[in-house]
Ligand code: C5P
């Protein structure tokens, strides 16, 4: 039985890959399955937290006691997360959020022609960075860094740039790590250093991440 060490805590988790509409029948997205985010939400719920799961489209189903807010686009995820963050103790951003979205959505299905097609893209809001700016004392912010090169340098700069407390760095080019699969191989970075973890199930990793979050919370209450 899991210890109820998150009782009384509100944990907001994001999961899945956002979809950015091009026209009524097409979108830009990524292969995120949502498994990591859902595993974190379930683990936090088992450990007694009030869990809000802001979920981009996935094939997964959350437990009854988890409050799910379904979203599709990065902009919708931004709005949903910001509406829940005020009284959150922990925010864990496991979602693969699109960095760019089409400038305009075609009203009708785009017909193919002879030449190339150009779609102009614009930046989406960086949700994690925005949360970092608004972070309250005692609030813990966890981000992910899915990289295919310079993993640790990129993750470290993300930690600082986005004012996060933990960054879970995963090399998505390693077999059995990252998108779609049930396992993950990550390094957890904080301002105090890094913890290199072996390959493990996303379920187990979810608990390891929560253990780290708990350490942070205890540090705050001890001060
Ligand atoms: O900058 P990058 O996308 O690699 O950062 C990854 C982290 O930032 C993830 O935790 C992801 O959920 C979050 N993110 C976000 N909003 C974006 C892009 C990424 O919250 N628009």
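Tabulated values for the structure
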item: Mean ellipticity per residue at 222 nm, deg cm²/dmol - from DSSP H runs of n ≥ 4 across the chain, formula -39500 (n - 2.57); result: -9000 deg cm²/dmol
item: Acute angle (nearest 10 degrees) that the helix 35-46 long axis makes with the longest principal axis of the chain, alpha-carbon atoms; result: 30
item: Over region 110-150 - Rg/Rh using Cα atoms and the Kirkwood inverse-distance radius; result: 1.27
item: Histogram of C-alpha separations across the chain, 5 Å bin width, %; result: 1, 7, 15, 19, 20, 16, 10, 5, 3, 2, 1, 0, 0, 0
item: Length released on extending from residue 203 to residue 157, taking residue separation times 0.36 nm less the Cα-Cα span; result: 13.9 nm
item: Residues residue 2 and residue 194, FRET efficiency given R0 of 22 Å [Cβ-Cβ distance, rounded to 0.05]; result: 0.25
item: Using alpha-carbon coordinates, inclination of helix 151-161 to the longest axis of the chain, degrees; result: 80
item: Length added when fully stretched, residue 122-residue 219, from 0.36 nm per residue minus Cα-Cα; result: 30.9 nm
item: Angle between the chain longest axis and helix 74-85 axis [Cα atoms, degrees, rounded to 10]; result: 30
item: Inter-centroid distance (Cα atoms) of region 175-223 relative to region 153-168, Å; result: 14
item: Region 9-151, relative contact order [Cα under 8 Å, separation at least 6], %; result: 29
item: Footprinting exposure proxy for 110, 168 (fewest neighbouring C-beta atoms within 10 Å first); result: 110, 168
item: Rough spin-label spacing in nm, given labels placed 7 Å along Cα→Cβ, for residue 130 and residue 64; result: 3.4
item: Contour excess over end-to-end distance, with Cα ends at residue 112 and residue 182 and 0.36 nm allotted per residue; result: 21.4 nm
item: Value of relative contact order over region 60-129, rounded to a whole percent, pairs C-alpha under 8 Å and six or more apart; result: 36
item: Residue order, fewest to most beta carbons within 10 Å, for 78, 100, 38; result: 100, 78, 38
item: Sequence of 36, 217 once ranked by neighbouring C-beta atoms within 10 Å, starting from the fewest; result: 217, 36
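Coordinate-derived values only; no laboratory data. Note that this is a predicted model, so its numbers are computed, not measured. Reconstructed Cβ throughout: ideal geometry from the backbone, glycine too, with neighbour counts over all protein chains shown.
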